[in-house]
Amino acid sequence: MSETLASTPYGTLPTAASLPQRKPVSLPRLHEMRERGEKITMLTAYDATFAAAADSAGVETLLIGDSLGMVCQGLSSTVGVTLETMCYHTESVARGLRRVQGTAWIVADLPFGSYQESKEQAIRSASALMHAGAHMIKLEGGGWTTETVAFLVERGIPVCGHLGLTPQTVHALGGYRVQGRSDSDAQRLRRDALALQDAGADMLVLEMVPALLAAELTPELSRCHTIGIGSGNGTAGQVLVMHDMLGMGLGKTPKFVRNFMAGNDSVRDAMAAYVAAVKDGSFPDNRLHAW
């Protein structure tokens, strides 16, 4: 191993000494990217090594998603993931970035049952994730969550919302289905999105929302960056579950996923290809990856 490059089974990663001095990703930097029309890239990460790989590949935001319940723990949904588990994986990602002087913005999911009880429960849970190394927390749903978002933002905790298909309530939704197709559902989703922005959310994941609706919402949410997954290419950024984009999913590959390992020699190269494709607009392709 050289002094500047660390060889791993996932590709060659730069060490802290070999990296140029990079500007850490922050909320002002994300706003600057949005202003100049540059797409924001996000991938899930659950451990130190893959977090370092994604950071060195140029991914701006890393999401410690409760999707770890399915891809890491083998659960059938995200519902069984605990706050303790989320803190463990958030700590792992944060340590990995520190090892290589990483600059990515860290977003961590509040898992099911950790914020629904009260605003006070939400801030205790959010504080635990921030102590573990998160820069921002993410919670699902609209309507009743608006008051919780405002409560957290007022106390200095950056918040990312999540609308459309919300996996924590998949049983109530009747399965993994596209949301916002009818006029009434689209109007409700738009109201919820604008309310979350007004409450202070800086980011909003739109999952499995019709591409036209997501594209219309994005300019309306001028202070809240839309991050799409299965919602077309008209959002301010994109996110994928890392295991899916590496072709390593345990189940059926979702329609909105592209296998970026195809044609690449390493995980880091695949991640860099994902970043490039999001930036140049070639991914997602609405004809293939959206509704």
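The values are calculated or read from the model by the stated rules, or taken from the named source; none is laboratory data. Quick caveat, the model's predicted, so the values are computed rather than measured. Cβ placement follows ideal geometry from the backbone for every residue including glycine, while neighbour counts extend to all protein chains displayed.
So here's what we get for this one:
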quantity	calculated
Condition met for ALA186 (under 26 Å from GLY251 (Cβ atoms) and not in a loop (DSSP other than H, G, I, E, B))	no
Residue match in segment 248-257 (condition: assigned to a strand (DSSP E or B) and not aliphatic (A, V, I, L, M))	no
Per-region count, segment 224-244, residues buried (at least 24 other Cβ atoms within 10 Å of the Cβ) and either assigned to a helix (DSSP H, G or I) or at positive phi (or both)	2
Output for segment 263-286, where each listed residue is outside any loop (DSSP other than H, G, I, E, B) and within 22 Å of GLY37 (Cα to Cα)	MET271, ALA272, ALA273, TYR274, VAL275, ALA276, ALA277, VAL278, LYS279, ASP280, ASN286
Subset of segment 59-77 [surrounded by fewer than 21 Cβ atoms within 10 Å (Cβ to Cβ) and out of contact with any His (no Cβ under 9 Å at 6 or more places or on another chain)]	GLN73, GLY74, LEU75, SER76
Any hit, segment 134-151, residues being touching a residue at least 12 places away in the same chain (Cβ under 8 Å), touching a Lys or Arg at 6+ places or on another chain (Cβ under 8 Å), within 18 Å of ALA108 (Cβ to Cβ) and assigned to a helix (DSSP H, G or I)	yes
Cβ pairs under 6 Å, 6+ apart, first in segment 69-83 and more than 18 Å from LEU129 (Cα to Cα), second of a type outside the set (Asp, Glu) and surrounded by 15 or more Cβ atoms within 10 Å (Cβ to Cβ)	VAL71/HIS243; CYS72/TYR46; LEU75/GLY69; SER77/VAL170
Sole exception among (1) surrounded by fewer than 20 Cβ atoms within 10 Å (Cβ to Cβ); (2) under 19 Å from the mean Cα position of the chain (by Cα); (3) farther than 25 Å from ALA54 by Cα for GLY113, by number	(2)
Leading residue by the ranking (modelled with the lowest pLDDT) among those in segment 247-276 that are surrounded by fewer than 20 Cβ atoms within 10 Å (Cβ to Cβ) and among the hydroxyl-bearing types (Ser, Thr, Tyr)	THR253
Qualifying positions in segment 191-223 - surrounded by fewer than 18 Cβ atoms within 10 Å (Cβ to Cβ) and part of a helix (DSSP H, G or I)	ARG191, LEU194, ASP198, LEU212, GLU216, PRO219, GLU220
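Rundown of residues vs (1) hydroxyl-bearing (Ser, Thr, Tyr); (2) part of a strand (DSSP E or B); (3) farther than 18 Å from LEU246 by Cβ, yes/no style:
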site: LEU62; (1), (2), (3): no, yes, no
site: ALA108; (1), (2), (3): no, yes, yes
site: PRO111; (1), (2), (3): no, no, yes
site: GLN116; (1), (2), (3): no, no, yes
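This table checks each residue for (1) surrounded by 15 or more Cβ atoms within 10 Å (Cβ to Cβ); (2) closer than 25 Å to MET271 by Cβ.
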site: ALA134; (1), (2): yes, yes
site: LEU139; (1), (2): yes, no
site: TRP144; (1), (2): no, no
site: ALA150; (1), (2): yes, no
site: HIS162; (1), (2): yes, yes
